[in-house]
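Remarks on the structure that follows.
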Amino acid sequence: MAGIYNETGRLGQFRFGTGGLGSGIFYEEFLRELLGRRGVEVFKEMSENDDILGAVLFAIEMLMRQVEWNVKEAGDTEADIKAAEFVYSCMHDMDEAWTDFISEVLSFLTFGWSYHEIVYKRRMGATRNPQTKSKYDDGLVGWRKLPIRSQDTLWEWKYDDHDNLEGLIQCAPPNFGTRRPDLCGARGRDTRAAHFLSGTAGRFAAITGRGKGGLLNG
């Protein structure tokens with residue numbers, strides 16, 4: 001009976017890595033010069049040195065920074081309203097401005113994806129400790145910051161045995177040691193990162209922004 005709940009097939013992704021079946025450097029790009037880190041360097045050079053492409057990306061970023069972002073309640077209950085208010089308070093209680101975070105997320109327009117680690121804090125008021133400093137003193141756990149993990153530090157993607165993305169392994173300066181900011185913590189109990197893909201709503205689908213063009217999904 002248990003067999004019908006087991007997954008036996010694979011997605012068939014062309015990915016290989018140093019960590020075995022669970023790791024992944026993708027080899028599905030037709031143009032070899034766009035594979036892996038070489039591709040990241042090409043995309044970065046195009047975005048910074050091509051006048052037209054740079055102007056388009058700049059225009060999109062400036063428009064998105066003008067959007068007024070709000071949180072849509074999941075329902076009409078008092079608990080839903082309080083949850084939405086809490087998320088909104090977290091958005092505007094970080095070390096960086098929410099608009100700066102959006103600007104970093106928009107790097108997926110250049111590279112196809114952006115990856116952000118979620119750093120939490122305990123909201124204990126105006127303390128000197130960055131792990132507890134907050135506009136609020138309710139003792140709840142909020143966001144301290146959502147820093148990007150630069151695309152050119154990607155070493156390989158980490159997958160489980162069922163082709164579900166667990167996180168990335170990065171090799172970053174200054175010591176170039178490998179680090180692994182996962183999407184979830186131990187046993188999947190806490191969300192540790194946010195992963196955005198071009199053409200998708202990302203992991204913050206509940207957060208929306210309303211501009212002159214209507215409703216924008218974040």
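The values are calculated or read from the model by the stated rules, or taken from the named source; none is laboratory data. Only a predicted model underlies this, so the values are computations on that prediction, with no experimental measurement involved. Quick reminder, even Gly has a Cβ in these numbers, built from the backbone with ideal geometry, and neighbours come from all protein chains shown.
Counted as qualifying within the range 55-128 are the strands (runs of 3 or more DSSP E) with 2 or more residues that are within 19 Å of LEU197 (Cα to Cα), namely 113-117.
Within the range 126-152, restricting attention to residues that are of a type in the set (Lys, Arg) and within 14 Å of the chain's Cα centre (by Cα), which residue is surrounded by the fewest Cβ atoms within 10 Å (Cβ to Cβ)?
Let us first name the residues in the range 126-152 that are of a type in the set (Lys, Arg), namely 128, 133, 135, 144-145, 149.
This time we only want the ones that are within 14 Å of the chain's Cα centre (by Cα), so: 145, 149.
Numbers: LYS145: 16, ARG149: 18.
Applying the filter and picking the extreme gives LYS145.
Answer yes or no as to whether ARG128 is touching a Ser or Thr at 6+ places or on another chain (Cβ under 8 Å) and free of Cβ contacts under 8 Å to residues at least 40 places away in the same chain. No; evaluated as a whole, the condition is false for this residue. From the list PHE30, PHE58, the one residue that fits, being aromatic (Phe, Trp, Tyr) and modelled with pLDDT of 80 or more, is PHE58.
Cβ contacts < 7 Å: first residue over 19 Å from TRP157 (Cα atoms), restricted to the range 35-51; second residue part of a helix (DSSP H, G or I) and among the aliphatic types (A, V, I, L, M), any location; separation 6+ or different chain. Result? Pairs found: VAL42/LEU34; MET46/LEU53; SER47/LEU53; SER47/LEU57.
Is there a residue being at positive phi, surrounded by 16 or more Cβ atoms within 10 Å (Cβ to Cβ) and not β-branched (Val, Ile, Thr) anywhere in the range 163-173?
Looking only at the range 163-173, we keep the residues that are at positive phi, and these are 163, 167.
Narrowing further to those that are surrounded by 16 or more Cβ atoms within 10 Å (Cβ to Cβ): 163, 167.
From what is left, the residues that are not β-branched (Val, Ile, Thr) are 163, 167.
So far as the range 163-173 goes, yes, one or more of its residues are at positive phi, surrounded by 16 or more Cβ atoms within 10 Å (Cβ to Cβ) and not β-branched (Val, Ile, Thr).
Please verify whether the range 199-209 includes one or more residues that are at pLDDT 75 or above, part of a strand (DSSP E or B) and of a type in the set (Gly, Ala, Ser). Checked against the condition, which is being at pLDDT 75 or above, part of a strand (DSSP E or B) and of a type in the set (Gly, Ala, Ser), the range 199-209 yields no hits at all. Residues in the range 153-189 that are of a type in the set (D, E, K, R), under 15 Å from the mean Cα position of the chain (by Cα) and either part of a loop (DSSP other than H, G, I, E, B) or at pLDDT 85 or above (or both): ARG180 alone.
Looking at this structure, is ILE148 of a type in the set (Val, Ile, Thr) and in contact (Cβ under 8 Å) with a residue 60 or more places away in the chain? The answer is no for ILE148. The residue of the range 76-93 that is surrounded by the most Cβ atoms within 10 Å (Cβ to Cβ), among those that are under 20 Å from PRO147 (Cα atoms) and aliphatic (A, V, I, L, M), is MET91. Within the range 1-27, if we keep just the residues that are at pLDDT 70 or above and polar (S, T, N, Q), the residue that is farthest from LEU154 (Cα to Cα) turns out to be ASN6.
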